[in-house]
Structure formats: C-alpha cells, structure tokens
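One structure is given below, encoded as structure tokens.
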Amino acid sequence: MIEFRGIGKRYGDRPGRRRIDALQDVSLRIERGETVAVLGPNGAGKSTLLGIALGFLHPSAGTVSIDGMSPRRYRRKRGAAWLPERFTLPAAWPVLEALTALARLEGPSAALTPRAASDTREPGTEPRASAEHTRGSVAAVGQAADTRSREADERGNAADARDPRADPRELAPGEQAPGEQTPAGRAAGEQAAGEHAPSERAAGEHTGRSYPRERWPHARVGGADARERARAALERFGLAAHAGRAIGSLSRGLLQRVGLAQTMLAAHAVAVLDEPTEGLDPAGRLLFREMAAELRAAGTTLIVASHDLPELDRIADRAILLHAGRVREVFALEAPAARMSWILRLAAPHPSLTQLFPDARRLDVDTHWSVTCDNARDLSHRLAALVAAGAIIVEVISSAPTLEERVREALGAPQSSGRKDA
C-alpha cells in the first residue's frame, strides 16, 4: 500500500545554513488496512516522515509510493485524511462553518463502514465520485486541467516548487508548512474584509489538502449534505455545544477535537495523524480510541505519530521507532499469546494457590508467584476461586513488556521501577 524506499531528507543544504539530515535511508512497507505507529524522541524525524508520506515534503533521496502512485498524485486522485501536528484554522471562523467548508471539499458523503468481503474494488475507488470530488470538482473537469495536473506530477520538483508546503528549501526542522499554519492568500483577504464564513479554498490551505488551482470554481458541492456531515462530526466528538464559537476562542483540547472531526468528514483509504492525542482530556482520548477502531474496521491504512506510547500500544499493529533520522527498531504489537504470564503478590502464603495454578513458580519470597493462564477470563476465574478460598491478593501484574519498556530498552534508556497494575 505505502512503500518508502531509501528515503532521506536533508534541511539547510544551501550555503550559509547548517545542514541537518532529518531522515536517512528509511525503507518501510505499510500494508493495506494496517495501523502503524511512528514514535521516537524529539527530532527523530517523525513529522518529516509523515509529511513525505503524503507529499507535503519532497524527499532529498529515495522514493515513496501509495498504491504505485506518487503521494501527490494519490492525494489528487483519491484524497487522504490528514491531521497536522499543530492543527489550526483562522481564528474568526465559526466551528460549524469551518467543518462545512471542509466537508464540501470532500464531495458527496460516503459512509465509513467495513468493506464487504465480496467487494473486490480497490479502497478509494468506491462508486461515490469521491476521487473526483475530493479534488474539488462536482462534474467532469476539463481535459486540459487533468493534463496539466498529470504533467505537474511527472515533473516532480517543478510541481513541488509551486507548492510551498512541499518545497524542501523553505522548511527548516520544526517549522510548519505555511498552508497549514498561517492565513494565506484568499483566507487572509476574507478575514481582513471582515468575512467570517470560510471559503472552500481557504479551508484547503489550512488543512494541508492539495487541490489544483483551476478546480476551485467547481468546489461548491452538496451544501446541505456537507452541513449535515459537519454537524454529525461535531456530535461524535462532543463539539455540538461549540458549533457557533469562533475557532480562536477554543481551548487547545477542543481545537484538537475539531482537527480529529475534520479527518472523519469522508471515508478515505489512507489516514495520517500527527500527535492526535495532544491536548486531549481522558474523554477525548476515548473518542480517539473509538475513531481508530472505526478506521480499522473500515480497512483504512492508518499512520499515527505520537509520544503517547500507552495509546499507541492499544491501537497499533506495528510500531516504527525512529532515532536520529533512522529506523532503530520495528515492534510487532500482536495480540497476547495463547498463554499469558502474570505476577501475583499475596498478603500471606496460601496453599490453594498451587492447586489453582499448577504451573505456578515461586519468585523471591512465598508471597510472590509467577503464573500462566489461557486468557484474562481464565485468570479472573482462578483469582476469584483463590479469594473465595481465603487468600488476600495484593497485586496482579502482567509480565508482558509494554511498548514503553521495549522502546526504553531499544534506546538504552534506564527502565522505570515496576509496571502498572493490570
């Protein structure tokens, strides 16, 4: 589905600027429908890799493809859900109006539901006209426009030069793409004129969506449908009460919920999220978890970069650890093995323990034991019987290493004392 081959990214490769290799020889393959976590220390290259994955940045070396296409061409043909690390929109835009404008860019609605087993169509090519409408068109667009778009893709760097978000000469490490962070062009003009309703073009500039300039006149599609989808997105992320508020009046956590909501306005085969849980409260994190589960059920290929390792441990199939711009380790986050290991700590020794757990192994003292069970349900039944027999259980700890512990080991960092209770 998504393949990185020898990707390198160098910043400051000009006279007078310090050269920084943000990525070096990164080769990865992400399968269709897989949820992959990208993690690593600050400056490891996570956001750079995500920017290259969707074509917002051009690699200095190597190639990347999505379903055999360049990322920019893939986005133009099929679209992709994208949440930048510091999601923002112009401060004056009302929340509902902003999401409605973004929904219009996505075109007619398409339910985000699991694909039938008998459905052999490629994801992203379902008969919802989304491949065309996501590019901002409501009907057939002129052949000349399509030809210009294809030629721009084939020219590579020439196309990138017209898109400041993809120009490696203009971005230094830690900088955000201009179209994603600051009002530009028409959006700035609208605000200066006191217009508070966002345009579709301005909305695209602020979320990293790439639409050929000549297609913007065709972007106004399905107004009522777009508004309904925007309202539904607000409801699902607990934002209905804030629909009329200006973007600039939202807290960091509420703004992050708006960012998550805009990624779910239409079904896409690829979703890329950079620090999606940043600023979220516990309720918001649960909403994100539900969103990730829904994307998995729909067969979406999901890439998530985050420092929230426990959350990544819950949702990902694999985790890619970056360090100093290179792939340091790839972790398989598989389902627990058939036999699960646990550490039990009792208040006092009890004879029933070895009867209920025949393979129990005593650790340092008579009150600390290592036991194995088929699954969590089996463990619960045996523990209930142990308590019924009069034993007092002080602690139950899973012996499987967490993702955080595996990352610490891979980076050579000191382990924390003890694991969390099960």
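At a glance:
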quantity: Thr301 within 29 Å of Glu405 (Cα to Cα) and buried (at least 22 other Cβ atoms within 10 Å of the Cβ); calculated: yes
quantity: Candidate set: the range 218-237, residues that are in a loop (DSSP other than H, G, I, E, B) and at pLDDT below 95; chosen: the one surrounded by the fewest Cβ atoms within 10 Å (Cβ to Cβ); calculated: Arg220
quantity: Among residues of the range 349-365, those that are of a type outside the set (S, T, N, Q) and assigned to a helix (DSSP H, G or I), counted; calculated: 2
quantity: Candidate set: the range 245-284, residues that are assigned to a loop (DSSP other than H, G, I, E, B) and open to solvent by 50 Å² or more (accessible area, probe 1.4 Å); chosen: the one nearest to Trp82 (Cα to Cα); calculated: Glu278
quantity: Of the criteria (1) under 20 Å from Ser47 (Cβ atoms); (2) open to solvent by 60 Å² or more (accessible area, probe 1.4 Å), which one Phe288 fails; calculated: (2)
quantity: Subset of the range 314-348 that is modelled with pLDDT under 90 and part of a loop (DSSP other than H, G, I, E, B) - its residue that is nearest to the chain's Cα centre (by Cα); calculated: Leu333
quantity: Evaluation of Gly279 against (1) within 18 Å of the chain's Cα centre (by Cα); (2) in contact (Cβ under 8 Å) with a residue 60 or more places away in the chain (one fails), failing number; calculated: (2)
quantity: Every residue from the range 7-48 that is open to solvent by 70 Å² or more (accessible area, probe 1.4 Å) and either under 25 Å from Glu404 (Cβ atoms) or assigned to a loop (DSSP other than H, G, I, E, B) (or both); calculated: Asp13, Arg14, Pro15, Gly16, Arg17, Arg18, Arg19, Glu31, Arg32, Asn42, Gly43
quantity: Flag if Ala269 is under 13 Å from the mean Cα position of the chain (by Cα) and more than 25 Å from Thr88 (Cβ to Cβ); calculated: yes
quantity: Residues (within 13 Å of the chain's Cα centre (by Cα) and assigned to a helix (DSSP H, G or I)) located in the range 295-313; calculated: Leu295, Arg296, Glu311, Leu312
quantity: Subset tally (residues that are in contact with a helix residue (DSSP H, G or I) (Cβ under 7 Å, 6 or more places away or on another chain) and buried (at least 21 other Cβ atoms within 10 Å of the Cβ)) for the range 316-331; calculated: 3
quantity: The lone exception for Ser370 - which of (1) modelled with pLDDT under 90; (2) open to solvent by less than 50 Å² (accessible area, probe 1.4 Å) it fails; calculated: (1)
quantity: Selection count where residues are farther than 15 Å from Val272 by Cβ and either without any contact (Cβ under 8 Å) to a residue 60 or more places away in the chain or among the polar types (S, T, N, Q) (or both), scope the range 18-35; calculated: 5
quantity: Sole residue being within 17 Å of Lys46 (Cα to Cα) and open to solvent by 10 Å² or more (accessible area, probe 1.4 Å), chosen from His242, His307; calculated: His307
quantity: Checking Arg314 against (1) in contact with a Lys or Arg (Cβ under 8 Å, 6 or more places away or on another chain); (2) within 24 Å of Leu54 (Cβ to Cβ), the condition it does not meet; calculated: (2)
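The values are calculated or read from the model by the stated rules, or taken from the named source; none is laboratory data. Everything quoted here is computed from the prediction, not taken from an experiment. A quick note on method: Cβ atoms are made from the backbone with ideal geometry, for glycine too, and the neighbour counts reach across all protein chains shown. The accessibility values were calculated without ligands, DNA or RNA, using every heavy atom of the protein model including side chains. Shrake-Rupley method; radii C 1.70, N 1.55, O 1.52, S 1.80 Å.
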